[in-house]
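Each remark here refers to the structure printed beneath this line.
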Amino acid sequence: MMGEQRVDQSALFYDFSIDGHVPGDHLLRSIDRFVDLGGVRERLQPFYSPLGRPSIDPELLIRMLIIGYCQGIRSERGLCEEVHLNLAYRWFCRLGLDGAVPDHSTFSKNRHGRFRDSGLLRHLFQDVVRRCMDEGLVGGEAFAVDASMIKADASRESSVRGPAGVPPAGSSRAVDEYLAVLDDAAFGGATEVVPKVMSTVDPAARWTAANGGTAFFAYCTNYLIDLQNAVIMDVEPTTAVRQAEVTAQRTMLDRTVETFGVWPERLAADTGYGSAANLHWLVAERGIEPHVPVFDKSARSDGTFSRADFAYDHAADSYTCPAGKLLRISNRAFKTPRSGINKDDTVRYRAREPDCRSCALKPRCSPNTPARKVTRSVHEGARDLAREIATTDAYLVSKRERKKIEMLFAHLKRILRLDRLRLRGPNGAHNEFLLAATAQNLRKLAKLIPMPAPQPAS
């Protein structure tokens, strides 16, 4: 028989609990175990006036932001609507049934003021990393580093030719932030190349076609992860050039040591981090094994001898060519000794012209020059160590595990929907990348640390 809903007189009182209506396996219920905001009010206290009306609770704003980045809700207006309607979101925010949801403009007011001035989002991220360490998810022995480009909130229509077209200081917050980081090694100071195309709405974003498709304005998010469980140990925003990514790698490694006391034994990365100077920094200055392919373009494709065909003698500091002749830094004595080091930190070894002139192998060695020259980096020792490590089984393991960082970037763009920034300027990128990395670590904790079994009623 077909049933019919009967509407009786409404009850005067209801016994309703939001907690009872949030499923036990809900993502936010699992994440809530690891969100400790006890220190938020203490950090923000100096940034509030002792007079006036009480503000919106900053803990509520942080909890709402965590929901937005964990669930891929990119709009703050949409986030406020979702928190207003969704019982699980209300439960996570401690709002109850009748708690008022703050206006979306409250987020921008606090983001550009108290949150930024106090470094709150960085502290929040670091607190979550410490929780990962306390739960045993961080091994601390093997790290990986990489960067991924994220589209900026700037369209092609806002582009101008070169810095001359950028609006003057005071035009917008993004312009002021761009002027403030002109000498920063992560942005304006990363390269001496002047951008040919810039955006009037976000001048710090870099015009790039590195993905092989249509050019766009972008920032880079840089991740340093622990390879045991792919926990993000640090995150840093940079402009979209390789030099800035290498600088960010050094910043993140040093900050991880300073903040958490974790010093990795080895670092896995791609060829972009395999320059001689960076390998020397890892090996000689930080004592870290570089599981990194060496960036080496000494091989020749015209059939002539490459540098690998010349044998280097460390004791004599010279090369021996395939014909058995020596290549030295200098073939004559100077009254004042010369180091032979060029501006690009390389040393050039030269053969004697008489030796090359009478050599039967000259057509295969230096057919277009009087004598052969071989260039060697002053950091070649670190490069040789990296080449030696690349022949080991441990390197193959690192190469395979390095894919974990690529999976995090895919998760960032496809699941958390951070394939395009919503905020402008270096500070906007900094805030978004920190919150996204925090959300990924919280989701990692929720996935790997199971919920405790419910206790039977006594």
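Structure above, values below:
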read-out: Scope region 145-178; condition out of contact with any helix residue (DSSP H, G or I) (no Cβ under 9 Å at 6 or more places or on another chain) and over 24 Å from K413 (Cβ atoms); matching residues; value: V160, R161, G162, P163, A164, G165, S171
read-out: Condition met for P290 (surrounded by 19 or more Cβ atoms within 10 Å (Cβ to Cβ) and within 23 Å of V128 (Cα to Cα)); value: no
read-out: Residue satisfying all of: in region 276-308; out of contact with any Leu (no Cβ under 9 Å at 6 or more places or on another chain) and charged (D, E, K, R); nearest to V145 (Cα to Cα) among these; value: E285
read-out: Hey, V160 surrounded by fewer than 20 Cβ atoms within 10 Å (Cβ to Cβ), in contact (Cβ under 8 Å) with a residue 12 or more places away in the chain and in a strand (DSSP E or B) or not; value: yes
read-out: All strands (runs of 3 or more DSSP E) inside region 192-311 with 2 or more residues being under 19 Å from the mean Cα position of the chain (by Cα); value: 206-208, 216-226, 231-239, 266-268, 289-291
read-out: Filter result (surrounded by fewer than 19 Cβ atoms within 10 Å (Cβ to Cβ) and of a type in the set (D, E, K, R)) within region 163-208; value: R173, D176, D183, D184, E192, K196
read-out: From L51, L44, residue being touching a residue at least 24 places away in the same chain (Cβ under 8 Å), more than 20 Å from L418 (Cβ to Cβ) and either outside the structural domain of L416 (by TED's automatic domain parsing) or outside any loop (DSSP other than H, G, I, E, B) (or both); value: L44
read-out: Given (1) over 31 Å from the mean Cα position of the chain (by Cα); (2) hydroxyl-bearing (S, T, Y); (3) modelled with pLDDT of 95 or more, index of the condition S49 fails; value: (3)
read-out: Any pair with Cβ under 6 angstrom, 6 or more apart, that starts in region 24-39 at a residue that is more than 17 Å from V129 (Cβ to Cβ) and surrounded by 14 or more Cβ atoms within 10 Å (Cβ to Cβ) and ends at one that is modelled with pLDDT under 95 and of a type in the set (V, I, T); value: R29/V22
read-out: Extreme residue, nearest to S118 (Cα to Cα), among residues of region 40-55 that are surrounded by fewer than 16 Cβ atoms within 10 Å (Cβ to Cβ) and of a type in the set (A, V, I, L, M, F, W, C); value: F47
read-out: Scan of region 8-41 for residues that are assigned to a loop (DSSP other than H, G, I, E, B), more than 19 Å from F125 (Cα to Cα) and either modelled with pLDDT of 85 or more or among the hydrophobic types (A, V, I, L, M, F, W, C) (or both), ordered by number; value: A11, L12, F13, F16, I18, V22, P23, G24, D25, H26
read-out: Matching entry among G68, G72 (being among the small types (G, A, S), surrounded by 15 or more Cβ atoms within 10 Å (Cβ to Cβ), modelled with pLDDT of 90 or more and not assigned by TED's automatic domain parsing to the domain that holds E432); value: G68
read-out: Selection from region 185-204 of residues that are free of Cβ contacts under 8 Å to residues at least 60 places away in the same chain and either of a type outside the set (V, I, T) or on the phi > 0 side of the Ramachandran plot (or both); value: G188, G189, A190, E192, P195, K196, M198, S199, P203
read-out: Residue match in region 125-143 (condition: within 13 Å of Y219 (Cβ to Cβ), part of a loop (DSSP other than H, G, I, E, B) and modelled with pLDDT of 90 or more); value: no
read-out: So S398, is it crowded, with 18+ Cβ neighbours inside 10 Å, of a type in the set (G, A, S) and more than 26 Å from the chain's Cα centre (by Cα); value: no
read-out: Check on I329, touching an Asp or Glu at 6+ places or on another chain (Cβ under 8 Å) and modelled with pLDDT under 90; value: yes
read-out: Residues satisfying the stated conditions in region 239-273, i.e. within 22 Å of Q126 (Cα to Cα), out of contact with any helix residue (DSSP H, G or I) (no Cβ under 8 Å at 6 or more places or on another chain) and surrounded by fewer than 23 Cβ atoms within 10 Å (Cβ to Cβ); value: T251, M252, D254, R255, T256, V257, E258, G261, E265
read-out: Some residue of region 147-155 being farther than 24 Å from T238 by Cβ and crowded, with 19+ Cβ neighbours inside 10 Å; value: no
read-out: Evaluation of D117 against (1) within 16 Å of L44 (Cβ to Cβ); (2) among the acidic types (D, E); (3) surrounded by 14 or more Cβ atoms within 10 Å (Cβ to Cβ) (one fails), failing number; value: (3)
read-out: All positions within region 298-314 that are closer than 15 Å to E380 by Cα and touching a residue at least 60 places away in the same chain (Cβ under 8 Å); value: S298, R307, F310, Y312
read-out: Contacts under 9 angstrom Cβ, first residue in region 271-293 being more than 18 Å from T392 (Cα to Cα) and outside the structural domain of D254 (by TED's automatic domain parsing), partner aromatic (F, W, Y) and crowded, with 21+ Cβ neighbours inside 10 Å, 6 or more apart; value: L282/Y273
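The values are calculated or read from the model by the stated rules, or taken from the named source; none is laboratory data. The structure presented is a predicted model; accordingly, all values stated were derived computationally and were not measured. No Cβ is skipped: glycine too gets one built from the backbone with ideal geometry, and neighbour counts run over all protein chains shown.
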